[in-house]
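In what follows, a structure is listed as structure tokens, so that the remarks can point back to it.
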Amino acid sequence: MIEKTTESGALEVVYLADAEPHARGAAKSSADLRSCLILHALFSGSLIIGDSQSLNNPYFRRLVSLEEALPAGEVSVPRDIARLLQHGNLRIARRAGQTLRLIRDEHAARGVENVPDASYAELLETMTDTHAVFWDRAEVEGAFKAGVLERLEAVRSETPNPARLAVYEAASQWAEEQPVLLYKALRDWMSTYATSHTASFDLSAALRQIELQTSASYQRALPKALEAGVAKARQHSDIMPAARVRTVLEVNGLPGVLLDNHLLAKLPAEAFFGLAEEPARDALVGEFRKIRCGLPSDVDVLRSAAEEFAALMSEVFDAVFRGVGGTPWDRLQGRRRLMRLRLEEDLGSGRLAAALEANWEKTSARAALAYRVAGAPVPDEADGSPTETKAVDTRDRLVTAA
């Protein structure tokens, strides 16, 4: 577990689960990934990203190293995430006993996708070594395999379709036989299975479901070992049943620039550091952490911290982008963007959930983020239906228990 405390107690430690390029709801551009990183870093004491993701996610690499080429047409954003790594606001979770160069070389030997040049791994090592978080490889690999088998068993128990059931059983048997189950190895098995069997809708649907369950297990294995919260795109099954929800607090009319995806992607690291030192931010993060851990929130502190921090964000954005001009400043001069804070309780389980939600239209030109935090679901509701396949919105962010 990572220790980081203030006078008010432990600050939130959050693992960014969907920095894996294959993850459900993963960002599809460096700009979207940067806005996501900044948002979660603002609302956590330490934001954690896995060693594989820090190496093999090309969008992340472009935010860290100026040596990484930008594709033609990609939105230009500050490439200064290295500063967050150097200051420890963003930390790499690294397998114990291995350098990033060794991990990179192992990935290259196994044919992992998007492996970087050795020079990038060495550069990242120098940036992050002071603040690295280490994890036990056997523990995390064991948790991943157990999670995959458990999820496949749940899928099998809900599957009346014989064609799909045969695929799930084959995957479970193969995974069970592996001394060490690796994500890439399972993806390779699925590819081989697909090419060696007659194509059909049921085969495609079953393999897609295996991919979803594998990804979900992968996203949770490491944060469980680190005792960290999980940041991800919200899924349909994460939504509390409306009939059981009681509104505990609702605050409307808050300045909402911090949920502007375009502006947050362009907020420079220097402005982030100033905001990260604000007492209102620490208070807000502290209340969000209580909610994630299943503890009661101080409603008055939550309200006042949200009001103060939202106002500070508005002032900082105005000061930063006034001098920049162009599209960011134009966006700030348009219709005033407001957001609301909601705190809700699930009357069935007692689970709390808080949300910062924009009240402007979510068009592609003015896409808004949402930030949510929720306590862990009760055991029989965890992850909802194992066969859920509904689309997710990468900008609808949720932090919850692993």
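Each value in this text was obtained by applying a stated rule to the coordinates, not by laboratory testing. Because the structure is a prediction, the values reported are computed rather than measured. Because the Cβ atoms are built from the backbone with ideal geometry, glycine has one as well, and the counts that use them run over all protein chains shown.
By how many nm would the segment from LEU295 to SER157 lengthen if fully extended, with 0.36 nm per residue of separation less the alpha-carbon distance? Before the final figure, lay out the partial values.
Numbers: separation 138, 0.36 × 138 = 49.68 nm, distance 3.37 nm.
Gain in length upon complete extension: 46.3 nm.
Cut-off is 10 Å between beta-carbons; in what order do HIS236, HIS107 appear when sorted fewest neighbours first?
HIS236, HIS107
Taking 0.36 nm per residue of sequence separation and subtracting the Cα-Cα distance, how much length would be gained by fully extending the chain between GLU250 and HIS236, in nm to one decimal? Let's see the in-between values first.
Details: separation 14, 0.36 × 14 = 5.04 nm, distance 2.22 nm.
Gain on extension, GLU250 to HIS236, equals 2.8 nm.
Testing the spin-label approximation: label points 7 Å from Cα along Cα→Cβ at ALA166 and ASP393. State their distance in nm.
4.1
For LEU347, LEU165, LEU16, which order do you get if you count the other beta carbons within 10 Å of each Cβ and list the fewest first?
So the residues, fewest neighbours to most, are LEU347, LEU165, LEU16.
So if R0 is 25 Å, what FRET efficiency would PHE201 and TRP174 give, r being the distance between their Cβ atoms, rounded to the nearest 0.05?
The pair PHE201/TRP174 has a calculated efficiency of 0.65.
Round to a whole angstrom and tell me the spacing of the C-alpha centers of segment 174-210 and segment 43-82.
30
Within the P(r) computed for segment 47-141, what percentage of the Cα pairs occupies the region above 18 Å?
43
Helix 162-177 versus the longest principal axis of the chain: what is the Cα-based angle in degrees, 0 to 90, to the nearest 10?
The two axes meet at around 90 degrees.
Taking all pairs of different Cα atoms in segment 257-310, averaging 1/r and flipping that mean, what Kirkwood radius in angstroms comes out?
12.2
Mind listing the phi-derived Karplus ³J(HN,Hα) values for segment 71-83, rounded to whole Hz, using 6.51, -1.76 and 1.60 with θ = phi - 60°, and x for any glycine or proline?
x, 4, x, 6, 4, 7, 9, x, 9, 10, 5, 4, 5
So which trypsin sites (Lys or Arg not before Pro) in segment 53-95 pass both tests, a DSSP loop state and at most 11 other Cβ atoms within 10 Å of the Cβ?
Counting only loop positions with at most 11 other Cβ atoms within 10 Å, none of the trypsin sites (Lys or Arg not before Pro) in segment 53-95 qualifies.
Say the cut-off is 22 Å between C-alpha atoms; which of LYS28/LYS266; LYS28/LYS290; LYS184/LYS266; LYS145/LYS290; LYS28/LYS184 go over it?
Table pairs above 22 Å Cα-Cα are LYS28/LYS290; LYS184/LYS266; LYS145/LYS290.
GNM, the chain, Cα, under 10 Å: largest mean-square fluctuation among ARG220, ARG342, ARG187?
The residue with the greatest mean-square fluctuation here is ARG187.
For helix 100-110, what angle does its Cα long axis make with the longest principal axis of the chain, in degrees from 0 to 90 and rounded to 10?
Helix 100-110 sits roughly 40 degrees off the main axis of the chain.
Would you mind checking the tilt of helix 183-195 against the longest principal axis of the Cα atoms of the chain, expressed as 0 to 90 degrees and rounded to 10?
Its long axis makes an angle of about 50 degrees.
Tell me the mean residue ellipticity at 222 nm calculated for the chain from its helices only (DSSP H runs of n ≥ 4, each -39500 (n - 2.57), averaged over every residue, nearest 500).
Using -39500 (n - 2.57) per qualifying helix, the result is -15000 deg cm²/dmol.
Between LEU347 and ALA138, how high is the FRET efficiency from 1/(1 + (r/R0)^6) when r is the Cβ-Cβ distance and R₀ = 51 Å? Nearest 0.05.
0.75
Sorted by average packing, counted as other Cβ atoms within 10 angstrom per residue and highest first, what order do 152-158, 32-38, 100-106 take?
Descending mean neighbour count gives 32-38, 100-106, 152-158.
Quick one: if you take sqrt(5λ) for each eigenvalue of the C-alpha gyration tensor of segment 138-219, what semi-axes come out, biggest first, whole angstrom? Please list the in-between numbers first.
Values: eigenvalues 85, 38, 21 Å².
Values for segment 138-219, descending: 21, 14, 10 Å.
Within segment 263-292, which chymotrypsin sites (Phe, Trp or Tyr not before Pro) sit in a loop by DSSP and count at most 15 neighbouring Cβ atoms inside 10 Å? List each step's numbers first, then the result.
Numbers: sites: PHE272, PHE273, PHE288; in loops: none.
Loop-located and lightly packed - none at all.
Return the single residue from THR327, THR195, THR214 with maximal mean-square fluctuation; model: Gaussian network over the chain, springs between Cα atoms under 10 Å.
THR195
Pick out, in residue order, every one of the GluC sites (Glu not before Pro) in segment 235-302 that is DSSP loop and has at most 12 other C-beta atoms within 10 Å; say none if there are none.
Taking segment 235-302 and a limit of 12 other Cβ atoms within 10 Å, the loop GluC sites (Glu not before Pro) found are GLU277.
Compute the Kirkwood hydrodynamic radius of segment 184-229, taking the inverse of the mean of 1/r over all pairs of distinct Cα atoms, and give it in Å to one decimal.
This gives a value of 11.9 Å.
Given N residues in the chain, what is Rg(Cα) / (2.2 N^0.38 Å)?
0.99
What nm value, rounded to one decimal, do you get for the distance between SER304 and GLU106 when each label is placed 7 Å out toward the C-beta?
4.9
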